[in-house]
Amino acid sequence: RARAGSTRSPLWVGGGKSFGPRKRVIKKKINKKERKICTLLLFFFKFPFFKIISDSTINSFNFSEKGVTKLLLKKLAKTKIKTLIILNDYKKNLWKYIKNNKNIEILKPNYLNIKSLLAAKQIFLTKKSI
């Protein structure tokens, strides 16, 4: 007679599933040249939504104070509109304050992607990030 093995075996009553769900990563590959052309086209079509802000505007906020996030949101964007902020350099505190807001995304220029550009209804740029 063969050995039973584990009680967790799919052969046993109350055991595991033979072919249960598997984790899989779904992603689409876009060629480098196509991605570059697509981002340039998106920049061209999204140009009316661009707003250029000075670096001093962002640096003027003291992130150790309370209520700075609300001030920043009032000054930069309407909270219900999907907003993309492209900054060359940003402080960790700024990123921490804004990452909780689903409608605002901060990116560095070299991390720009097609998905975030398509989703954004407002795009803020600093002069250094251009």
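Assorted remarks:
Table: residues versus (1) assigned to a helix (DSSP H, G or I); (2) modelled with pLDDT under 85.
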site: THR7; (1), (2): no, yes
site: ARG24; (1), (2): no, no
site: LYS29; (1), (2): no, no
site: ARG35; (1), (2): yes, no
site: THR39; (1), (2): yes, no
site: ILE52; (1), (2): no, yes
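- Filtering the range 95-130 to residues that are outside any strand (DSSP E or B), touching a residue at least 60 places away in the same chain (Cβ under 8 Å) and in contact with an Asp or Glu (Cβ under 7 Å, 6 or more places away or on another chain) leaves LYS127, LYS128.
The values are calculated or read from the model by the stated rules, or taken from the named source; none is laboratory data. Bear in mind that the values here come from a model prediction, so they are computed numbers and not experimental data. Here the Cβ is made from the backbone with ideal geometry for all residues, glycine too, and neighbour counts use every protein chain on show.
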